Amino acid sequence: MRSLGIDVGGTGIKAAPVDLSTGEFHAERLRIPTPSLCTPEILAKTAKEFVEHFHWEGPIGVGFPGVIKGGKVMTAANLDNSWIGVSIDEFLSEATNCDVHTINDADAAGLAEFHLGEGQTHQGVVLLLTIGTGIGSALFHKGKLIPNTELGHLPMRDTIAEKYASRKVKKDLDLSWIDWAPRLQEYLLILERIITPDLIIIGGGASKKFDKFSPEIKLKTPILAARHQQHAGIIGAAFAASKQLL
Ligand code: BGC
């Protein structure tokens, strides 16, 4: 079975048709830069562009950077406030003429890693963090996702974790990976203390550079880079369309 996965990120909106049993892309991924104002209308237009580009007629799964409950957007910290309260599944289904199902983007990346990547052999508590424009989290227990955990919004240093330790902060402050790593270390120590996970997986943009900062991270918990790196978001979004894994 295939579905079209769309990953809505802070800097790029990416899509590809995905084989749900292998996670393989059936066509080259298409990336469209996220406009500075990403309203529901603009995302609908982008989704239509993907549908036309891939000549798509089947189900679509969307990974969205905010809390999603019952097909409705509850938060959209790094997008636009006009999203709050939008019935995103209905809205995008109408715009694309396809059946659309949306989940949180980090939950999507977590599903991909759990079913096809590093998480699958772990039966305990697995925490996946996507580190990019924001910090997203996906928490699993015995393979079951606890959705919308939003651990990137944990209060920290008079702000929230994603405004202290995201990849965007690294870029904005022009920090090297080594200079940025203590911020991640401090954040991970807090998470380790309150969750006691059995495994931590780093996904999102930072996963490609895992080797550059991981020697600086000292935890009791094993830590790995996501196997599907930045593609986990698209693969997991495609899983969301099939709904059976949720
Ligand atoms: C959002 C999360 C999202 C994360 C990564 C945060 O700002 O609140 O829902 O998972 O960014 O995109």
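The values are calculated or read from the model by the stated rules, or taken from the named source; none is laboratory data. On a predicted model such as this, the values are computed, not experimentally measured, just so you know. Cβ: placed from backbone, ideal geometry, glycine included. Neighbour counts: every protein chain shown. SASA here: full protein model, heavy atoms, side chains in, ligands and nucleic acids out. Shrake-Rupley method; radii C 1.70, N 1.55, O 1.52, S 1.80 Å.
Odds and ends about this structure:
- Flag for Gly132 being within 9 Å of the ligand (Cβ to nearest atom), open to solvent by 10 Å² or more (accessible area, probe 1.4 Å), touching an Asp or Glu at 6+ places or on another chain (Cβ under 6 Å) and in contact (Cβ under 8 Å) with a residue 60 or more places away in the chain: no
- Complete set of residues in segment 52-95 that are touching a Ser or Thr at 6+ places or on another chain (Cβ under 7 Å), open to solvent by 20 Å² or more (accessible area, probe 1.4 Å) and more than 15 Å from the ligand (Cβ to nearest atom): Gly58, Pro59, Ser82, Asp89
- Number of residues in segment 211-237 that are of a type outside the set (S, T, N, Q) and open to solvent by 30 Å² or more (accessible area, probe 1.4 Å): the value is 13.
- Cβ-Cβ contacts under 8 Å between residues 6 or more apart (or on different chains), taken from a first residue in segment 184-213 that is over 20 Å from Gly117 (Cβ atoms) to a second residue that is among the polar types (S, T, N, Q), are listed as Glu192/Thr221; Thr196/Thr221.
- Top-ranked residue of segment 186-210 - restricted to ones that are in contact with a Phe, Trp or Tyr (Cβ under 9 Å, 6 or more places away or on another chain) and assigned to a helix (DSSP H, G or I), ranked as surrounded by the fewest Cβ atoms within 10 Å (Cβ to Cβ): Glu186
- Flag if Leu116 is within 16 Å of the ligand (Cβ to nearest atom), at pLDDT below 95 and aliphatic (A, V, I, L, M): no
- Residue match in segment 150-158 (condition: farther than 21 Å from Ser21 by Cα, among the basic types (Lys, Arg) and modelled with pLDDT of 95 or more): yes
Listed here are the residues, each with its yes/no results for (1) among the acidic types (Asp, Glu); (2) within 16 Å of the ligand (Cβ to nearest atom); (3) in contact with a Cys (Cβ under 9 Å, 6 or more places away or on another chain); (4) open to solvent by 20 Å² or more (accessible area, probe 1.4 Å).
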position	(1), (2), (3), (4)
His101	no, no, no, yes
Asp105	yes, yes, no, yes
Leu111	no, yes, no, no
His122	no, no, no, yes
Leu127	no, yes, no, no
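- Screening Glu150 with (1) out of contact with any Phe, Trp or Tyr (no Cβ under 7 Å at 6 or more places or on another chain); (2) on the phi < 0 side of the Ramachandran plot gives one miss only, at (2).
- Residue tally, condition open to solvent by less than 40 Å² (accessible area, probe 1.4 Å) and in a helix (DSSP H, G or I), over segment 1-51: 7
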